[in-house]
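The values are calculated or read from the model by the stated rules, or taken from the named source; none is laboratory data. This one's a predicted model, so the numbers in the text were calculated from it and none came from an experiment. Virtual Cβ from ideal backbone geometry, glycine too; neighbours counted across all protein chains shown. Side chains included, ligands, DNA and RNA excluded: accessible areas come from the protein's heavy atoms. Shrake-Rupley method; radii C 1.70, N 1.55, O 1.52, S 1.80 Å.
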Amino acid sequence: MQKDIGKFGISGKRDRTITNEDPYHPEEGLKEPAICDGCGALYRNRRWQLDAQAAEVESANPEVSRVSCPACQKIAEKYPEGVVTLRGAYLWEHEEEIRNILRNEESRAMSQNPLQRIMRMEREGDELIIETTEQKLAERLGKVLHRAHQGALSVTWSDDHRLCRVGWERLL
């Protein structure tokens, strides 16, 4: 049997290998529909969605499950899967703009997957530390900041792909 190989050498079939076994995603899935008590995300069709109108409609359904979504659980338990560390004099001269870029990118990511969130963004000494609920969001934040403001970017993944560390620095 011949596989359908797409333009970029990627099979069109969905026989993906799971490289990250997130302990906050139950293997068996959840009873549907479900609503997160923390953020109001709706779980249906085996996906989390941010749809306030649909969540409001489902809230009236006596069958709806009230749960805490994986992102809210990670935030409550302080379990980041991504850590972004920003440093350099340039950062502090452009802090407000950089924070806005990061928050805007978080909003774009959440529109695609509401489990991708910034858990915290705080200054620690001469560094700005950002913790994220998903590894890919940390990588995405670093790349968007690098595109907008250049500087030096590094992205490292743990051997088991459970943690992504991103570093960005620009002196001036």
Restricted to region 118-172 and to residues being in contact with a Phe, Trp or Tyr (Cβ under 8 Å, 6 or more places away or on another chain) and among the hydrophobic types (A, V, I, L, M, F, W, C), the residue most open to solvent (accessible area, probe 1.4 Å) is Leu172
Can you tell me which residue is farthest from Asp160 (Cα to Cα) among those in region 24-43 that are out of contact with any strand residue (DSSP E or B) (no Cβ under 8 Å at 6 or more places or on another chain) and open to solvent by less than 80 Å² (accessible area, probe 1.4 Å)?
Gly40
If only one of Lys78, Lys74 is among the basic types (Lys, Arg) and surrounded by 17 or more Cβ atoms within 10 Å (Cβ to Cβ), which one is it?
Lys74
